[in-house]
Amino acid sequence: MGTAITPQLVDVVDTFTASRTYSSGTTRHLRTCQVERWGLRTECPTPEDPFHDSEVTWLLPTLNLRLTHQRPRSRHAKAGPSVLTAVRATSDGRYWRTTDLLLGLETPAGMRARIVQSEEFAAAVAGQVIRVGDADLAMCTVHKTLEEFSQFRHDLAGWLAYKHIFDVWPPY
């Protein structure tokens, strides 16, 4: 069975209304929507998810990355890994448009990072859903980030500090 090819995923965050509109047309109000010197910080509730209360996302446009963490519903639940996904992000001040390039790194705490979504990425490139330039951007971004991560012994906080982002991840 092959990997299904999905259309490119484009999200738009409106910082004035604190809302996020997904490719599907669904719009969600954000609990947090704050422009930072390094990018955009958001938190979006996930009421349809039985295990996670919300999704915390940092857009890091100069790095072509989106950092995501699923916040568990139960405070006793084990936290899952953070995911760094290659993206193309633009902003005009009010609207932040993010195109998911379908390739990323999963960064479990205390373990080595690993590349994720490679089958979906390959299918999207083969199906011409992702353009050649975006595919190159995704590959270069993920591999460069993985190389840098290895220099920091796969420590996300250390890598973020190296990038001059001193905020605590994942946020509480």
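Some values worked out for this structure:
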item: Net +/- balance of residues flanking Trp159 in space, Cβ distance below 10 Å, scoring K and R +1, D and E -1; result: 0
item: Top positive-direction residue, dipole computed over the range 51-172 with Cβ charges, set Thr57, Thr141, Trp169; result: Trp169
item: Relative contact order, percent, the chain [alpha-carbon distance under 8 Å, six or more residues apart]; result: 17
item: Solvent-accessible heavy-atom area per residue, rounded to whole Å², over the range 1-109 at 1.4 Å; result: 51
item: For Thr32, distant residues with modelled amide H under 5 Å away; result: Glu43
item: Cβ charges +1 (Lys, Arg) and -1 (Asp, Glu), total dipole of the chain, debye; result: 340
item: Estimated [θ] at 222 nm from DSSP helical runs (n ≥ 4, -39500 (n - 2.57)) normalised by residues in the chain, nearest 500; result: -6500 deg cm²/dmol
item: Nearest-0.05 FRET efficiency for Trp169 and Ala126, computed from C-beta distance (R0 35 Å); result: 0.55
item: Top positive-direction residue, dipole computed over the range 1-160 with Cβ charges, set Ala109, Thr99, Ala126; result: Ala109
item: Of every Cα-Cα pair in the chain, the percent that sits beyond 26 Å; result: 28
item: Amide H contacts of Leu103 (H built 1.01 Å from N, under 5 Å, at least 5 apart or other chain); result: Ala86
item: Accessible carbon and sulfur surface of the range 17-145 relative to its total accessible area, %, 1.4 Å; result: 53
item: Unit Cα scatterers, Debye sum, the range 1-95: log10 I(q)/I(0) for q = 0.11 Å⁻¹; result: -0.35
item: Relative contact order (%) - criterion: Cα under 8 Å, at least six apart; region: the range 1-98; result: 21
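The values are calculated or read from the model by the stated rules, or taken from the named source; none is laboratory data. Everything quoted here is computed from the prediction, not taken from an experiment. Heads up, the Cβs are rebuilt from the backbone with ideal geometry, glycines too, and the neighbour counts pull from every protein chain shown. The accessibility values were calculated without ligands, DNA or RNA, using every heavy atom of the protein model including side chains. Shrake-Rupley method; radii C 1.70, N 1.55, O 1.52, S 1.80 Å.
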